[in-house]
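As structure tokens, the structure follows; a few thoughts come after it.
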Amino acid sequence: MEWFDISQPLNKNIAVWPGDTPFSFELSCTKEHSGSVNIGKLTMSTHTGTHIDAPFHFDHEGRKVLDLDIHIYIGPARVIDVSNYDSIGAKELSAYDLEGVSRLLLRTSSSSNPHRFPETITSLRADIAPFLQEKGVRLIGVDVPSVDPLDSKELPAHHALFKHGIHILENLMLHHVEPGMYELIALPLALEEADASPVRAVLKPISTKE
Ligand SMILES: Nc1ccccc1C(=O)C[C@H](N)C(=O)O
Ligand SMILES: [Zn+2]
Ligand SMILES: [Zn+2]
């Protein structure tokens, strides 16, 4: 089986967090102009499209993107469907056998439109963090722009997850992905100062037969 993309395409129609920097890609220099090459220029929020958060996003003392361990973002991942819940905590996840799962991706909705910022989202409750740490989870991925409710200022899920060693991946495209076991690659850019980074997130089914 082949790798497939679970990233939001980055283009001028992509939804951004209300009030945040609009996405733009343009050629700052064209081949006609330079006589040799096209040169792109990118302007975007670090939280646009499929991205990872670093603790510096919500904590001045927190680690930045380049300080994060790359092993978190490469390796086996389990996808589960939780689309029948409004919020997800230890109670909802206790229905699943997550023993030995180190990366967990939550499919919260059966459709997702990367061109529209959602009005409400399925959010995570802080009690999910100790629960997942106990199972050995190091990365949680969601198909929405935040793990906390959109109007949250305290960001309890963000804080609790990092406090329990669980890293955050947001804005995945999972509506077409069957629940199951996969190999994941979702590496951040080597951004030394950044609070977050866009990633190219891809999955490959783990099959028992080759
Ligand atoms: N881009 C923003 C602009 C303003 C205020 C929040 C955001 C966020 O992105 C927060 C969200 N909880 C996040 O972790 O991605
Ligand atoms: Zn973010
Ligand atoms: Zn976040």
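How about the stretch 37-65: which of its residues are buried (at least 17 other Cβ atoms within 10 Å of the Cβ) and over 18 Å from the mean Cα position of the chain (by Cα)? Residues satisfying the conditions do not exist here. Being modelled with pLDDT of 95 or more, among the basic types (Lys, Arg) and more than 15 Å from ligand 3 (Cβ to nearest atom) is not true of residue 64.
Taking every residue in the stretch 7-34 that is under 12 Å from residue 49 (Cβ atoms) and loosely packed, with under 13 Cβ neighbours inside 10 Å and pairing it with any residue that is small (Gly, Ala, Ser) and modelled with pLDDT under 95, at least 6 positions away or on another chain, yields no pair with a Cβ-Cβ distance below 8 Å.
Being closer than 30 Å to residue 12 by Cα, buried (at least 18 other Cβ atoms within 10 Å of the Cβ) and out of contact with any strand residue (DSSP E or B) (no Cβ under 6 Å at 6 or more places or on another chain), is that true of even one residue in the stretch 124-133?
Residues of the stretch 124-133 that are closer than 30 Å to residue 12 by Cα, as a first pass: 124.
If we keep only those that are buried (at least 18 other Cβ atoms within 10 Å of the Cβ) as well, we get 124.
When the remaining residues are screened for being out of contact with any strand residue (DSSP E or B) (no Cβ under 6 Å at 6 or more places or on another chain), the result is none.
Checked against the condition, which is being closer than 30 Å to residue 12 by Cα, buried (at least 18 other Cβ atoms within 10 Å of the Cβ) and out of contact with any strand residue (DSSP E or B) (no Cβ under 6 Å at 6 or more places or on another chain), the stretch 124-133 yields no hits at all.
For first residues located in the stretch 57-75 and in contact (Cβ under 8 Å) with a residue 40 or more places away in the chain, partners that are part of a helix (DSSP H, G or I) and lie 6+ apart or on another chain with Cβ distances below 6 Å form the pairs 58/158; 62/55; 62/56; 64/56. Applying the criterion of being over 19 Å from the mean Cα position of the chain (by Cα) and assigned to a strand (DSSP E or B) to the residues of the stretch 5-26, the residue that is farthest from ligand 1 (Cβ to nearest atom) is 26.
If a residue counts only when it is over 16 Å from residue 180 (Cβ atoms), which strands (runs of 3 or more DSSP E) contained entirely in the stretch 49-109 have at least 1 such residues?
Details: elements: 51-53, 74-81, 103-107.
Correct list: 51-53, 74-81.
The values are calculated or read from the model by the stated rules, or taken from the named source; none is laboratory data. These numbers were taken from a predicted model, which means no experiment stands behind them. Note that each Cβ is placed from the backbone with ideal geometry, even for glycine, and that neighbours are counted across all protein chains shown.
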